[in-house]
Amino acid sequence: METPQNRELLNAIYKNARMATLAIDSIHDKFENKKLHSLIKKQNKKYEDITHRCEKIAQENNILLNDVGGMQKMMSTSTINVKTYIDNSTCHIAEMMIKGTNMGIIDVVKKTGEFKTASQEILKLAHDLQSAEEEFVDSLKTFLTK
């Protein structure tokens with residue numbers, strides 16, 4: 001059932017996962033480390049899964065999902081391009097990914113708290129996203145040492 005809480009939280013989850021996949025698409029060819037590539041690819045699959053789950057819930061409940069805006073996409077891609085042009089070391093890529101993922105964690109925690117009355121299905125999806133992002137950050141930490 002569409003309620004403002006369901007719509008807002010589902011859109012926040014969707015944008016979070018979409019933003020992450022866009023960032024990963026922008027960064028995946030900017031470095032050489034195969035283990036980091038593998039980790040980022042695995043995480044991207046989780047984000048894609050969450051995106052598909054959002055789309056399914058939205059369709060079943062007649063909720064319109066709003067994608068990441070064009071300006072936000074352009075800014076993210078530009079920032080990634082500049083930062084990786086300056087330094088594309090494994091450590092720097094991991095640091096960039098940790099910072100971006102932490103922004104996603106902060107957003108999903110805040111939105112979940114703001115929309116606590118959303119459906120259990122959507123709250124679970126928010127929790128799944130948060131857990132996946134926290135695991136990703138923990139995995140990325142191993143790449144911070146040179």
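The values are calculated or read from the model by the stated rules, or taken from the named source; none is laboratory data. Values in this document were obtained by computation on a predicted structure and should not be read as measured data. Here the Cβ positions follow ideal geometry from the backbone for every residue, glycine too, while neighbour counts run over all protein chains shown. Heads up: the accessible areas ignore ligands, DNA and RNA and are worked out on the full protein's heavy atoms, side chains in. Shrake-Rupley method; radii C 1.70, N 1.55, O 1.52, S 1.80 Å.
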Practice problem: Report in % the part of the accessible area of the chain that belongs to carbon and sulfur, leaving out ligands and nucleic acids; probe 1.4 Å. | Solution: 54
Quiz item: HN-Hα J couplings of region 84-92 from phi, Karplus 6.51/-1.76/1.60, θ = phi - 60°, integer Hz, Gly and Pro as x?
Solution: 7, 5, 6, 8, 10, 5, 4, 4, 5
Practice problem: Go through GLU60, GLU8 and list them by solvent-accessible area, largest first, probe radius 1.4 Å. | Solution: GLU60, GLU8
Practice problem: Could you tell me which of rounded, prolate or oblate describes region 43-87, using a ≥ b ≥ c as the square roots of the eigenvalues of the alpha-carbon gyration tensor, with rounded for a/c under 1.5 and, failing that, prolate when a/b is larger than b/c and oblate otherwise? | Solution: oblate
Practice problem: Evaluate the relative contact order of the chain (contact order divided by residue number), counting alpha-carbon pairs under 8 angstrom at least 6 apart; express in whole percent. | Solution: 39
Quiz prompt | Column: log10 I(q)/I(0), Debye, Cα scatterers of the chain, q = 0.08, 0.17 Å⁻¹ | solution = -0.22, -0.91
Quiz item: If you roll a 1.4 Å probe over the heavy atoms of the protein chains, what accessible area per residue do you get for the chain, in Å²?
Solution: 58
Quiz item: By accessible area of protein heavy atoms, probe 1.4 Å, what ranking do TYR85, TYR14 get, highest first?
Solution: TYR85, TYR14
Quiz item: If the chain between ASN62 and ASN33 were fully stretched, how many nm would it gain, using 0.36 nm times the residue separation less the Cα-Cα distance?
Solution: 6.2 nm
Self-check item: Gained length - ASP87 relative to HIS127, 0.36 nm times residue gap less alpha-carbon distance
Solution: 11.1 nm
Quiz item: Top to bottom by accessible area (1.4 Å), largest first, where do HIS52, HIS28, HIS37 land?
Solution: HIS52, HIS28, HIS37
Quiz item: What number, rounded to the nearest 500 deg cm²/dmol, is the helix-based mean residue ellipticity at 222 nm of the chain, given -39500 (n - 2.57) per DSSP H run of at least four residues and division by all its residues?
Solution: -27500 deg cm²/dmol
Practice problem: May I ask you to evaluate 6.51 cos²θ - 1.76 cosθ + 1.60, the Karplus curve with θ = phi - 60°, for each residue of region 51-56 and list the ³J(HN,Hα) values in order in whole Hz, giving x for glycine and proline? | Solution: 4, 5, 5, 4, 4, 5
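Treating the beta-carbon of each Lys and Arg as +1 and of each Asp and Glu as -1, no other charges, what is the dipole magnitude of region 1-132 about its Cα centre, to the nearest 20 debye? Walk me through the numbers on the way to the answer.
Details: 19 positive and 16 negative charges, 57 e Å.
The dipole of region 1-132 has a size of about 280 debye.
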